[in-house]
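Reviewing the structure listed below.
The values are calculated or read from the model by the stated rules, or taken from the named source; none is laboratory data. Note that the structure is a prediction, hence the values are computed from the model and not measured. So basically every Cβ, Gly included, is an ideal-geometry build from the backbone, and we count neighbours across all protein chains shown.
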């Protein structure tokens with residue numbers, strides 16, 4: 001077992017009131033496993049990830065990695081954010097190798113023998129991420145998809161025990177998103193990368209994951225854990241299969257059942273009608289089941 005979150009509760013104060021973001025959440029991510037964490041907007045998905053990364057502290061509960069309690073961030077966890085967080089004054093290669101600058105008593109230009117293997121691995125990442133020919137480019141010269149490849153490669157440079165990803169493909173177009181999804185599948189298949197992904201995209205959650213953890217609306221509670229019944233070497237065409245669509249439907253229903261009450265058409269029309277009446281003085285009929293003449 002790589003990562004274990006036990007009875008995580010997170011509260012904070014907002015406007016003088018105490019808000020519970022997460023309530024008694026427990027789940028694990030096993031070695032070599034890809035787990036997707038999904039839930040309604042504002043349910044605490046990213047907060048959970050930040051707690052796992054050591055960037056936020058849980059109000060109660062514990063986080064363990066390889067049976068050791070975690071008290072803060074560390075190189076055993078790589079983090080990828082939705083925004084690319086690259087250093088604009090560094091080239092692609094320099095961004096990827098930047099973690100070596102943070103190592104104590106290490107000359108970045110003339111690294112010690114102790115980290116030569118890691119630097120070689122960084123060169124390997126340049127190749128497998130399709131970045132070798134862009135190694136001397138600066139972030140301003142890259143597309144969004146290429147920037148995120150650099151961010152992923154940098155997060156993997158230290159060979160972390162687990163990769164934590166916070167909606168990393170949310171700002172990308174559909175084609176680029178699918179390309180990076182394919183890349184993540186291959187990393188899991190051939191590099192055995194252990195990954196916890198937060199995403200709002202149900203298709204992405206299914207396509208990438210071995211297992212999906214579903215959170216309720218705030219306060220976030222674990223509604224269900226679902227094992228994805230597809231092989232790791234799945235292809236994009238699997239998204240069109242009845243099995244994939246059935247699982248997607250199940251997750252949509254689960255989110256609606258455990259999420260905040262959804263606004264139906266009648267509620268939306270009523271609010272629009274109230275606003276229209278307030279601004280124009282004209283009453284508006286909001287009935288949605290009017291008979292056709």
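Summary of computed values
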quantity: Positions within the stretch 24-39 being touching a residue at least 60 places away in the same chain (Cβ under 8 Å), surrounded by fewer than 20 Cβ atoms within 10 Å (Cβ to Cβ) and either in contact with a strand residue (DSSP E or B) (Cβ under 8 Å, 6 or more places away or on another chain) or farther than 17 Å from residue 188 by Cβ (or both), in sequence order; calculated: 24, 26, 27
quantity: Sole residue being surrounded by fewer than 22 Cβ atoms within 10 Å (Cβ to Cβ), more than 16 Å from the chain's Cα centre (by Cα) and assigned by TED's automatic domain parsing to the domain that holds residue 30, chosen from 234, 211, 140; calculated: 234
quantity: Evaluation of residue 196 against (1) surrounded by fewer than 17 Cβ atoms within 10 Å (Cβ to Cβ); (2) within 27 Å of residue 87 (Cβ to Cβ); (3) in the same structural domain as residue 223 (by TED's automatic domain parsing) (one fails), failing number; calculated: (1)
quantity: Filtered residues of the stretch 12-42 (kept if touching a helix residue (DSSP H, G or I) at 6+ places or on another chain (Cβ under 7 Å) and assigned to a strand (DSSP E or B)); calculated: 21, 22, 25, 34, 36, 37, 38
